[in-house]
1. Checking the condition at pLDDT 95 or above and of a type in the set (A, V, I, L, M, F, W, C), which residue from Leu240, Leu311 passes?
2. Could you say whether any residue in the range 350-365 is crowded, with 17+ Cβ neighbours inside 10 Å, under 30 Å from Cys213 (Cβ atoms), β-branched (Val, Ile, Thr) and under 29 Å from the mean Cα position of the chain (by Cα)?
3. Give me the strands (runs of 3 or more DSSP E) completely within the range 200-307, filtered to those with at least 1 residues that are in contact (Cβ under 8 Å) with a residue 60 or more places away in the chain and charged (D, E, K, R), ordered by residue number.
4. I want to confirm something. Restricting to the range 491-513 and keeping residues that are under 11 Å from Ile476 (Cα atoms) and hydrophobic (A, V, I, L, M, F, W, C), which single residue is surrounded by the fewest Cβ atoms within 10 Å (Cβ to Cβ)?
5. Limited to the range 384-409, what total is found for residues that are assigned to a loop (DSSP other than H, G, I, E, B), touching a Lys or Arg at 6+ places or on another chain (Cβ under 8 Å) and surrounded by fewer than 18 Cβ atoms within 10 Å (Cβ to Cβ)?
6. Do you know which residues across the range 158-168 are out of contact with any Gly (no Cβ under 8 Å at 6 or more places or on another chain) and under 18 Å from Leu427 (Cα atoms)?
7. Go through Gly390, Gly405, Gly409, Gly373 for me and flag whichever is outside the structural domain of Phe271 (by TED's automatic domain parsing) and without any contact (Cβ under 8 Å) to a residue 60 or more places away in the chain.
Amino acid sequence: MRLSALFWRTLREKPSELVGISDQLLLRAGFITAAFDQVGFLPLGMALHKNLLEIVRQSMNKFGAQEVQLPINLGSDKLAWDLDQSQDRKTNTSHEISDDEYLREMLQQVIQSYRQLPVVIYQFQQSLNTEQEAHQGLSNSDLSVVLSSYSISQDINAQQEAYSKHQNAFKGIFQKCDLPFNLIRSNYLLPGCSDLEEMIYLTDSGNQTYCACEKCGSLANNALAKFKKLPSADQQLESLEKVYTPAASSIEALANYLKLPQTKTAKAMFFSAVLQGQRQPQTVFALLRGDMDVSEPKLIHVIETQTRKKLISLYLASEAEIRKVGAVPGFASPISIERSETILIVDELIPQSTNLVCGANEVDYHYLNSNYGRDYCADVVADIAQAKEGPACPACGSPLAFKKGLQIGYLSQNNPNLLDTNICSFLDENGKRKDALIGQYQINLANLLKSMIDLHHDDAGLILPAALAPFLIHLIVLPSKDSQVQITAENLYTRLIEEGYTVLFDDRDERAGVKFNDADLIGLPMRITVSERSLAQEAVEVKRRDQSIKTLVKNEDVKSFIQTEFQLLLSTLN
């Protein structure tokens, strides 16, 4: 491709409309455009994206996975769980067909017998981004492309084999992209999932938070991280006492009014849970110590375990729903409420903390000295608290710290112990109908690309891995009055293409500095320069983008030299 004919433009200044370094570099290098809070791919970006898709497709096909295409449905995201969207979920009465339902129908039409199993199908799909953050760029545009793969297995052994094949394939994909990653177990991060591993790349520009221990190296998704909880227990249980607390409807206001630390209060939170196969929402009452916040994934896991049903959605209960069980919003507690239609889930720290202040289920009144076991009991006592920065690591006791990261992929298996989670059945060898085991696996290609660029760049621009680069070689001819320079460059361009290399030929009438700056910004693996100086020595100048060394290579040795260099470049990616 001749650069003079390329639909392309570089930017010298850092663009203000994009925040992330990867998005800024892609925009500056002419890979993408940005407008109306969206990004679009230019030809260089399309080639980069196409190469990434091909790496993924080859890795999946290699172990026998087969590509399909489910109908595109941008109105539903089964894996998005955001309490801020509770009202939208609650009031939306239209039935949107989910990916699970499409998949169920497809499998029911095709899978009949155990002889057809195991099987793995996958697709590239556009996924609706439901994040509320006003970010822009590749991973935060309204639509991003993800690889979604499903394994359908007849037994646990086949399911484990499919899981292992996906794990190896995903590792190979990331290796070809020259991207190191952390593999962390995040069981129950998704509803209906009993076993999940996240593949993450730690970066300050990430949109997810992870809890890390610098001493022992432990790393966990912040929503699921365990931490040492310090009890606030008195030696003696005091008598329950009702006190006047005007307008103290929040933990902060209550603690200030009573001049007590928040560790001496109990926080009441009410949710409505929509469970599969159940028409009416289930009221869930979560009780934590006042200095703690609820972790939604932990809570979801407890709800699914308790009900043995898959959770469809979870939203904050309305005042009417709270009053229906006999509680008063802002002044609620488990004492003397209607429990027949309520699941009371108490954080494990509550039984270890005595004489807590809790609501009296009466406006402007609270109870002093409430105690678990004496004044109320729970349906479930479990860890439902969100980790915070500073508490001790449960493994080694060192302080935990927060780190930002991007989830670039995950591997998960549905929980076979939950009712209504299976989406495919088949006839086994005895003619009996049996539920198949389902695994779900995903790579967020936008996050993968963003992470790769976040790692592979310098102050001058991109440094693209050979497997991803839109072209392998950036050929530059420097301005010269000697026509032989141009002729030599043209001949080399033709020869390189004939030898199978993809080449971007900068044949523009521009100064040397402009050409070199653009080459560094685009970041192709190898730069070859033809100039009067190199021509005088019957050679060309060769430089790898990831190195500072410039080598003069005789014209007759160019083929063998670059062949050796690319073998070295590609060997690190296999």
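1. Leu240
2. Looking for residues that are crowded, with 17+ Cβ neighbours inside 10 Å, under 30 Å from Cys213 (Cβ atoms), β-branched (Val, Ile, Thr) and under 29 Å from the mean Cα position of the chain (by Cα), one finds none in the range 350-365, hence no.
3. The qualifying strands (runs of 3 or more DSSP E) are 241-244, 282-289.
4. Ala512
5. 5
6. Across the range 158-168, the qualifying residue is only Ala158.
7. Testing whether each residue is outside the structural domain of Phe271 (by TED's automatic domain parsing) and without any contact (Cβ under 8 Å) to a residue 60 or more places away in the chain leaves just Gly390.
So that you can scan it fast, the table gives a plain yes or no per residue for (1) surrounded by 15 or more Cβ atoms within 10 Å (Cβ to Cβ); (2) farther than 30 Å from Met60 by Cβ; (3) aliphatic (A, V, I, L, M); (4) touching a strand residue (DSSP E or B) at 6+ places or on another chain (Cβ under 7 Å):
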| residue | (1), (2), (3), (4) |
| --- | --- |
| Ile152 | yes, no, yes, yes |
| Ser164 | no, no, no, no |
| Asn168 | no, no, no, no |
| Phe181 | yes, no, no, yes |
| Asn207 | yes, no, no, yes |
| Cys216 | no, yes, no, no |
| Ala233 | no, yes, yes, no |
| Glu238 | no, yes, no, yes |
| Lys242 | no, yes, no, yes |
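The values are calculated or read from the model by the stated rules, or taken from the named source; none is laboratory data. Remember, it's a predicted structure, so these values are computed and weren't measured experimentally. Every residue, glycine among them, receives a Cβ derived from its backbone with ideal geometry; neighbour counts consider all protein chains shown.
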